[in-house]
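**Q** Have a look at the structure that comes next, please.
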Amino acid sequence: MSDFYSVFWDYYVAIITAVSVIGCGVFLWMQSKRTVKLVDGQDVVAVHEAVQWAVERARAGEGPSLVECKTYRFRAHSEGAPDVSHFELRPPDEVEAWKKRDPLLLFRERLLQEEIATVGELDRIDADAAEEADAAERFAIESPQPDPSVLQEMLYAR
């Protein structure tokens, strides 16, 4: 193969991609030529199992695998851009329906249903995560702007 992506076929890698059901597609040529596992990207456990499968294949020397996680973006593809799907505004009821399948909510329900965690434990985890996110946001806002010269160090492999 002479294209850029052909380098993958010589390595044992697990390629994981989240594919929005309304947006960009995954490389179809990869699907037709290599081992692919399609998974419900809203299901945390299904994604974990699929990734484990791909990692095991890579470690066994069975070549690259692609795990395609079908998911949905709750917000626009990029901040400040119109929230559209194929040039039309997404219907609010569509977005709300998908929000009911939020992976965090579904996993929380599963943990409670299987009695792996209690409401109190999960609420404490949520509070800790919110506190950590708030602290990270404060740190970012209060930190000085980075020197532009560091961009060259962060964008390219050496």
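**Q** Those residues that are within 18 Å of the chain's Cα centre (by Cα), in a loop (DSSP other than H, G, I, E, B) and surrounded by 11 or more Cβ atoms within 10 Å (Cβ to Cβ), I need them from segment 90-114; list them, please.
**A** Correct list: ARG101, ASP102.
**Q** When you go through (1) surrounded by 13 or more Cβ atoms within 10 Å (Cβ to Cβ); (2) modelled with pLDDT under 85; (3) among the small types (Gly, Ala, Ser); (4) farther than 22 Å from ARG101 by Cα one by one for ALA58, which number turns out not to apply?
**A** Exception for ALA58: condition (2).
**Q** Please determine, by comparing only the residues of segment 115-149 that are charged (D, E, K, R) and not in a helix (DSSP H, G or I), which one is nearest to LEU104 (Cα to Cα).
**A** GLU115
**Q** Need pairs with beta-carbon distance below 7 Å; first residue more than 14 Å from ASP43 (Cβ to Cβ) and within segment 107-123, second exposed (fewer than 10 other Cβ atoms within 10 Å of the Cβ) and of a type in the set (Asp, Glu); sequence gap 6+ or separate chains.
**A** Hits for this filter: zero, empty list.
**Q** For the structure I just gave you, tell me whether THR71 is on the phi < 0 side of the Ramachandran plot and surrounded by 13 or more Cβ atoms within 10 Å (Cβ to Cβ).
**A** So THR71 fits the description; yes.
**Q** Can I ask one more? Output the residue which, of all residues in segment 74-110 that are closer than 24 Å to ASP123 by Cα and aromatic (Phe, Trp, Tyr), is modelled with the highest pLDDT.
**A** Here the answer is PHE107.
The values are calculated or read from the model by the stated rules, or taken from the named source; none is laboratory data. The shown structure was predicted, so the numbers you read here are calculated from the model rather than taken from an experiment. Quick reminder, even Gly has a Cβ in these numbers, built from the backbone with ideal geometry, and neighbours come from all protein chains shown.
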